[in-house]
Amino acid sequence: MEKNLHNSSRRSLLKILGVGAGALALDHFFQFDAFAHQQPAAGRALPTFTGPGANPYWNSVGKMATFPQKAPMVMLTDRPVQLETPRNYFLDAITPNDAFFVRWHLESTPNEIDLSTWRLRIEGNVNNPLQLSFPDLLRKFKPVTFAAVNQCSGNSRSRFEPRVPGGQWGNGAMGCARWTGVHFREILNMAGIKSGSVQVQMQGLERGKGPEGMPSYEFKKSLNLTDPVLDESIVAYAMNGEPLPMLNGFPVRLIVPGYFATYWVKCLSSVRLLDKPDENFWMNPGYRVPDTPGGNTNPADVKAGKVKMIPISRMPVRSFIISPDGDTKIPAGLPVTVRGIAFSGSGPVTKVEFSDSVRGRWRAAKLGEDLGPYAFRTWEAQWTPAGAGNYRLAARATDEKGNVQPDEGVWNPGGYLWNKIEQQEVTVGAAE
Ligand SMILES: Nc1nc2c(c(=O)[nH]1)N[C@H]1C(S)=C(S)[C@@H](COP(=O)(O)O)O[C@H]1N2
Ligand SMILES: [Mo]
């Protein structure tokens with residue numbers, strides 16, 4: 001799954017990044033009206049299938065907006081910036097940088113970074129605290145590259161019934177890129193972890209509103225030092241062979257393959273070894289899921305205080321139909337190629353099945369190129385609608401561990417872990 005970045009592209013990265021080109025002005029773009037609070041019909045979840053017509057609800061309900069280094073994207077909020085990737089980009093397994101979704105929690109996100117003074121600090125319970133410069137990261141460690149899906153814990157939250165608070169994402173709070181960087185473990189080893197350390201904490205550069213010391217003033221996430229995912233995690237300085245867009249965490253972010261994006265700390269600036277578990281807001285109560293099968297519970301049990309909550313970790317298996325998207329009528333009797341993607345946080349997708357009706361039989365779809373166990377896997381299925389009418393197309397993925405997408409939606413108070421089988425309604429017309 002790993003391969004060295006070619007020396008030439010490393011050199012050009014050094015060149016691009018070494019001369020202070022990291023100073024990217026984000027503050028000179030026009031402001032948007034406050035649609036920050038726009039939500040679909042109060043109290044009603046969006047449908048769990050996407051239908052034909054101009055507003056098929058695959059994405060969230062928002063206006064298109066163009067931010068620096070970004071193509072037009074569906075905007076949820078502008079402060080902090082939250083942008084969803086439009087559906088059509090998922091026809092490919094790799095999501096382009098300029099269309100990769102954006103999610104920040106705090107308002108004051110960095111607009112520019114001066115790489116000549118920027119340092120990555122490794123501190124806390126270590127023998128040898130480090131301050132690594134950007135060239136240090138490129139020169140002192142062996143680069144590795146792999147593709148992995150970054151998905152927000154709250155992707156598809158707008159489907160939750162009953163509705164839960166939080167960004168009402170459609171399905172576009174996810175993306176897959178080829179990440180290049182250095183093994184997190186190598187950096188930790190260089191600093192020398194002192195005995196008695198239990199977790200490693202990652203902190204981003206941005207700050208929140210209000211006084212220092214407020215629970216959410218800084219964005220900090222931690223992983224257990226015993227978690228095997230640390231051996232696969234990298235500090236990435238390139239995304240699809242280019243510097244990370246500022247909004248996606250320039251100059252470096254953590255990549256935690258298989259885990260939800262909340263741990264993929266952007267604009268990573270401090271790595272801190274802790275001798276006790278991190279209880280900061282973003283670890284507790286933030287980003288917790290019920291300690292139940294599939295993270296499923298119900299409002300009554302939560303209210304009764306019966307539900308034990310644990311930190312979110314791996315992404316469940318999912319698949320999506322990307323085309324047809326329901327917008328155009330399909331002629332009866334002619335073959336259509338149904339296309340989509342699938343992925344899982346627990347190793348490779350082994351099977352995608354396709355069906356053309358809710359009670360219909362599942363049949364195997366053809367899997368596309370394998371870009372590694374944590375990447376999107378494209379799939380396609382040939383389908384010839386027999387006659388005119390409305391059809392509900394569905395896709396269902398299975399991963400190597402035998403996990404398969406459920407028929408019913410999950411419910412938990414954070415609006416996390418949605419992976420119900422997706423349906424796409426299409427209209428088939430008589431061929432004229
Ligand atoms: N510094 C920092 N890193 C962060 C966050 C943040 O608010 N600040 N949000 C996390 C969450 S919850 C998500 S979904 C992803 C979004 O990554 P993206 O904006 O590159 O798509 O970043 C993660 N890393
Ligand atoms: Mo997220």
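The values are calculated or read from the model by the stated rules, or taken from the named source; none is laboratory data. This structure is a prediction, so every number in the text was calculated from the model and none was measured. Glycine also receives a Cβ, built like all others from the backbone with ideal geometry; neighbour counts cover every protein chain displayed.
Observations
- Condition check for Trp282: in contact (Cβ under 8 Å) with a residue 40 or more places away in the chain, within 16 Å of ligand 2 (Cβ to nearest atom) and in contact with a His (Cβ under 9 Å, 6 or more places away or on another chain): yes
- At least 1 residues being closer than 30 Å to Val229 by Cβ and of a type in the set (Lys, Arg) is the threshold, and among the strands (runs of 3 or more DSSP E) wholly inside the range 296-360 those reaching it are 318-323, 349-355.
- Among the residues of the range 77-132, those that are within 16 Å of ligand 2 (Cβ to nearest atom), modelled with pLDDT of 95 or more and assigned to a strand (DSSP E or B) comprise Gln82, Leu83, Glu84, Val102, Arg103.
- Residue that is surrounded by the fewest Cβ atoms within 10 Å (Cβ to Cβ) [pool: residues in the range 51-98 that are small (Gly, Ala, Ser) and touching a residue at least 40 places away in the same chain (Cβ under 8 Å)]: Ala54
- Selection of the range 212-260 for residues being surrounded by fewer than 23 Cβ atoms within 10 Å (Cβ to Cβ) and among the aliphatic types (A, V, I, L, M) yields Met214, Leu223, Leu225, Val229, Leu230.
- Residue check for Pro251: under 25 Å from Asn59 (Cα atoms), assigned to a loop (DSSP other than H, G, I, E, B) and either within 20 Å of the chain's Cα centre (by Cα) or small (Gly, Ala, Ser) (or both): no
Conditions tested, residue by residue: (1) within 16 Å of the chain's Cα centre (by Cα); (2) not in a strand (DSSP E or B); (3) not assigned by TED's automatic domain parsing to the domain that holds Asn280.
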residue: Gly166; (1), (2), (3): yes, yes, yes
residue: Trp169; (1), (2), (3): yes, yes, yes
residue: Gly181; (1), (2), (3): no, no, no
residue: Arg185; (1), (2), (3): no, yes, no
residue: Leu188; (1), (2), (3): no, yes, no
residue: Gly196; (1), (2), (3): no, yes, no
residue: Met202; (1), (2), (3): no, no, no
residue: Met214; (1), (2), (3): no, yes, no
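- Counted residues, the range 244-266 - those being among the hydrophobic types (A, V, I, L, M, F, W, C), under 21 Å from Glu112 (Cα atoms) and within 15 Å of ligand 2 (Cβ to nearest atom): 4
- Among all positions in the range 46-64, there is no residue which is β-branched (Val, Ile, Thr), more than 24 Å from Val426 (Cα to Cα) and part of a loop (DSSP other than H, G, I, E, B).
- Test set (1) over 15 Å from Val235 (Cβ atoms); (2) surrounded by 23 or more Cβ atoms within 10 Å (Cβ to Cβ) - Gly204 fails condition number: (1)
- Residue count for the range 216-229 under the criterion of being in a helix (DSSP H, G or I) and polar (S, T, N, Q): the result is 0.
- The number of residues in the range 153-184 that are within 13 Å of ligand 1 (Cβ to nearest atom), surrounded by 24 or more Cβ atoms within 10 Å (Cβ to Cβ) and more than 24 Å from Ala375 (Cβ to Cβ) comes to 0.
- Test: residue in the range 371-379 that is at positive phi, outside the structural domain of Trp282 (by TED's automatic domain parsing) and of a type outside the set (Ser, Thr, Tyr): yes
- In the range 259-270, the qualifying residues are those that are in a loop (DSSP other than H, G, I, E, B) and over 10 Å from the mean Cα position of the chain (by Cα), and the one that is farthest from Pro373 (Cα to Cα) is Cys267.
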